[in-house]
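Peer 1: Got a structure here, written out as C-alpha cells. Questions coming.
The values are calculated or read from the model by the stated rules, or taken from the named source; none is laboratory data. Computed from a prediction, not measured in an experiment: that's the story for all the values here. Every residue, glycine among them, receives a Cβ derived from its backbone with ideal geometry; neighbour counts consider all protein chains shown.
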Amino acid sequence: MKSKSLKLRLLLGAALVAMNGAAFAGPGVDIFRPLKSKQELSALKPGTRVAHECPHCGTITVSKVGKDQAHAEGFSCPECKMKITYRDSGSGKAPQTRLVDCIDVKTGKKMSARVCAVQK
C-alpha cells in the first residue's frame, strides 16, 4: 500500500515539475535597479516598467511610464489608498541612498520610498 502511494506521489510531483518548466519559457527576467532621485525618475523613457513601493504598507506596484510622465509626480497605493507625491531631496550634500523622497498628500508627512526601474 505504501509503495503505491509513494509511486503516485512521485508521479504527481514529476508531472508538476514538468508543467512548471514550461512556465519559464519567455523573454527572460526583468532586472529592476533602484532610482536615487526624482531626476532619475523623470528621465525614464515611455514604456519603461517602474516598481513603486508604498512607504506606509510596503505594497509593490508595477506600472509603465507614459508620455505624460505622471509616474515621476507620485502614485496611489492600491492596497492602503495612500497618495504620495515625489519631491526633490535635500541639499545634495548627504550621501546617495536607494530611496526617493516623498510626501503623504493627506498628512504632509515626509518619508522615503523605494522606486525601481527595469534595467536595459
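Peer 1: Look at the stretch 36-61 and say how many of its residues are at negative phi, in a loop (DSSP other than H, G, I, E, B) and touching a Lys or Arg at 6+ places or on another chain (Cβ under 8 Å). Break it down stepwise before answering.
Peer 2: So the first thing to find is which residues in the stretch 36-61 are at negative phi, and the list is 36-46, 48-57, 59-61.
Checking which are in a loop (DSSP other than H, G, I, E, B) leaves us with 36-37, 43-46, 48, 54-57, 59.
Filter once more, so that each one left must be touching a Lys or Arg at 6+ places or on another chain (Cβ under 8 Å): 36, 46, 48.
Summing the residues that are at negative phi, in a loop (DSSP other than H, G, I, E, B) and touching a Lys or Arg at 6+ places or on another chain (Cβ under 8 Å) in the stretch 36-61 gives 3.
Peer 1: Please verify whether the stretch 81-95 includes one or more residues that are among the small types (Gly, Ala, Ser), in a loop (DSSP other than H, G, I, E, B) and either at pLDDT 85 or above or touching a His at 6+ places or on another chain (Cβ under 7 Å) (or both). Don't jump to the end; show me each part of the working.
Peer 2: Step one: of the stretch 81-95, the residues among the small types (Gly, Ala, Ser) are 89-92, 94.
Among the residues that remain, those that are also in a loop (DSSP other than H, G, I, E, B) are: 89-92, 94.
Checking which are either at pLDDT 85 or above or touching a His at 6+ places or on another chain (Cβ under 7 Å) (or both) leaves us with none.
Checked against the condition, which is being among the small types (Gly, Ala, Ser), in a loop (DSSP other than H, G, I, E, B) and either at pLDDT 85 or above or touching a His at 6+ places or on another chain (Cβ under 7 Å) (or both), the stretch 81-95 yields no hits at all.
Peer 1: Give the residues of the stretch 62-77 that are in contact (Cβ under 8 Å) with a residue 12 or more places away in the chain and assigned to a strand (DSSP E or B), sorted by residue number.
Peer 2: Within the stretch 62-77, the subset in contact (Cβ under 8 Å) with a residue 12 or more places away in the chain is 62-67, 69, 71-75, 77.
The answer is Val62, Ser63, Lys64, Gly74, Phe75.
Peer 1: Let me confirm something: among Val50, Val105, Val65, Val115, which residue is farther than 27 Å from Gly28 by Cβ, surrounded by 13 or more Cβ atoms within 10 Å (Cβ to Cβ), aliphatic (A, V, I, L, M) and modelled with pLDDT of 85 or more? Step through it out loud before you land on a result.
Peer 2: Details: Val50 fails: farther than 27 Å from Gly28 by Cβ; Val65 fails: farther than 27 Å from Gly28 by Cβ; Val115 fails: farther than 27 Å from Gly28 by Cβ.
None of the others qualify; the one that does is Val105.
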